[in-house]
């Protein structure tokens, strides 16, 4: 299954593509759409739509994951982030690709084991699991979303937990690193 993860933003939208196959992840690509700060809001949203449309047509994902908005003290910035998210969701719907949302804390927990992990901790685990250095912090977050959304997509077990082999993929990556350190 090919999964596109999106970390939406008005200034920079991160994206990452992974493949989930045979109980492990493979890295395909990552990057970000950088905005010109001089553009008006509508033009920025249109640019997100256009860039994401091209990316979806090029990468042809089976599933898209997007981070839910964390609403902090900045109401205006949260509102604008919500607009960027809305454009990403609309783009996926327009192109007929299933999109799932996931909470930032769940992404952190899935990738690092802690829902309060730092961005750096998430980035380090993404590097270990995929054996790649992401192009930016935003694309690293998007790769983490792509890997985490896979567990949400599989579905819930009877005990209410998500069925996933993500924990096994993390364990394998950490074991692989231990082997490399010993060499």
Exercise for the section: Have a look at segment 21-155 and give its Rg and Dmax from the Cα atoms, expressed in angstrom. Expected result: 15.0, 46
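Where does each of 20, 15 land when they are ranked from fewest to most other beta-carbon atoms within 10 angstrom? Kindly include the intermediate steps, with their values, before the conclusion.
Numbers: 20 24, 15 29.
Ordered from fewest to most neighbouring Cβ atoms within 10 Å, 20, 15 come out as 20, 15.
Given the C-alpha atoms of segment 21-87, compute the convex hull and give its volume per residue in Å³.
About 121 Å³ per residue, rounded to a whole number.
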Practice task
Report, as a whole number in µm² per second, the diffusion coefficient that Stokes-Einstein gives for segment 87-140 at 4 °C and 1.567 mPa s using the Kirkwood radius over alpha carbon pairs.
Solution key: 103
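None of the figures in this text is laboratory data; all of them are computed from the coordinates on show. Here the structure is a predicted model, which means the values were calculated and not measured. All Cβ positions, even for glycine, are placed from backbone atoms using ideal geometry, and neighbour counts span all protein chains on display.
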